[in-house]
Amino acid sequence: VFGQGINFFHIENLAPLIRAVLMATGLYWRGISNAAKVDIRHNRIESPHLPKAFDGFTIVHLSDLHVEMSEAAMERVIDLLGEARYDVCVLTGDYRGRTCGPYDTTLAGMARVRAALKGPIYGVLGDHDTICMVPGLEAMGIRMLLNESDVIEIGGRRLHLGGIDDAHFYGMDNIGKAAAAIPHDEFSILISHTPAVDRQAAHADFNVLLS
């Protein structure tokens, strides 16, 4: 609850207490119902630095799935993915609901979501996730970026996708390492669980931050 990461106090690690308070006040089941009301939000990004070959390039961005917390929410996510049209998918962490303990149910839930995804899939870890989950996620075909980058190429033009490990709690992020292989004059996107690294991302010449 106290210490580590960007913030000294981490309220998410008080989940059992928060759940008990919500149940006592009668708000818990309303929250469960609200959690299932997942929808798609469209964001258009325009940049003079984006190669013309990537005009209309579409990314589906999923974050904070906490897959074992709401089966109804995950079913809704899977339904929406079946209707969506996109070129690449990015997952920005917090795959499990708990912040510690077993993660088998998380991987099982992620496998169901993964089955609804198509095309290249990239991911990073969040503060609820453990590095031990990475082999299981990569076995599903999710390319986990742990302070690394990859290249997406269309018509001979390139877009660079960098990803950092969790900066919010574990403090294992290294933006410099993620950006090391990216030319400064080429368009790049950084994926991160927390948006609190926006200034560091800009300093490393990333054009877009998805978090």
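The values are calculated or read from the model by the stated rules, or taken from the named source; none is laboratory data. Since the structure is predicted, the reported quantities are computational estimates derived from the model, not experimental observations. FYI the Cβ positions are ideal-geometry reconstructions off the backbone, even for glycines, and counts take in every protein chain you see. Keep in mind that these areas ignore ligands, DNA and RNA; they rest on the heavy atoms of the full protein, side chains included. Shrake-Rupley method; radii C 1.70, N 1.55, O 1.52, S 1.80 Å.
For Gly101, state whether it is of a type outside the set (Ser, Thr, Tyr), open to solvent by 30 Å² or more (accessible area, probe 1.4 Å) and part of a loop (DSSP other than H, G, I, E, B). Judged against the criteria, Gly101 is a match.
Does any residue of the stretch 143-156 turn out to be farther than 26 Å from Phe206 by Cβ and not aliphatic (A, V, I, L, M)? The answer is no; no qualifying residue exists. For the stretch 168-211, a residue qualifies if it is under 16 Å from the mean Cα position of the chain (by Cα), farther than 24 Å from Lys52 by Cβ, open to solvent by 40 Å² or more (accessible area, probe 1.4 Å) and among the hydrophobic types (A, V, I, L, M, F, W, C), and the qualifying residues are Met172, Ala196. When the stretch 34-59 is limited to residues that are open to solvent by less than 60 Å² (accessible area, probe 1.4 Å) and in a helix (DSSP H, G or I), the one that is nearest to Cys89 (Cα to Cα) turns out to be Phe54. For beta carbons closer than 8 Å, sequence separation of 6+ or different chains, a first residue in the stretch 35-47 that is under 12 Å from Val208 (Cβ atoms) and a second that is surrounded by 10 or more Cβ atoms within 10 Å (Cβ to Cβ), the qualifying pairs are Ile45/Val208; Ser47/Phe187; Ser47/Asn207; Ser47/Val208.
If you go through the stretch 104-147 and keep only what is touching a strand residue (DSSP E or B) at 6+ places or on another chain (Cβ under 8 Å), open to solvent by less than 10 Å² (accessible area, probe 1.4 Å) and not in a strand (DSSP E or B), you end up with Val113, Leu125, Gly126, Leu137, Ile142, Leu145. Arg85 meets the conditions (1) farther than 19 Å from His193 by Cα; (2) assigned to a loop (DSSP other than H, G, I, E, B); (3) within 16 Å of the chain's Cα centre (by Cα) in every case but one. The failed one is (3). Total residues in the stretch 70-98 satisfying the condition of being surrounded by fewer than 16 Cβ atoms within 10 Å (Cβ to Cβ) and either farther than 27 Å from Val208 by Cβ or in contact with a Cys (Cβ under 6 Å, 6 or more places away or on another chain) (or both): the figure is 4.
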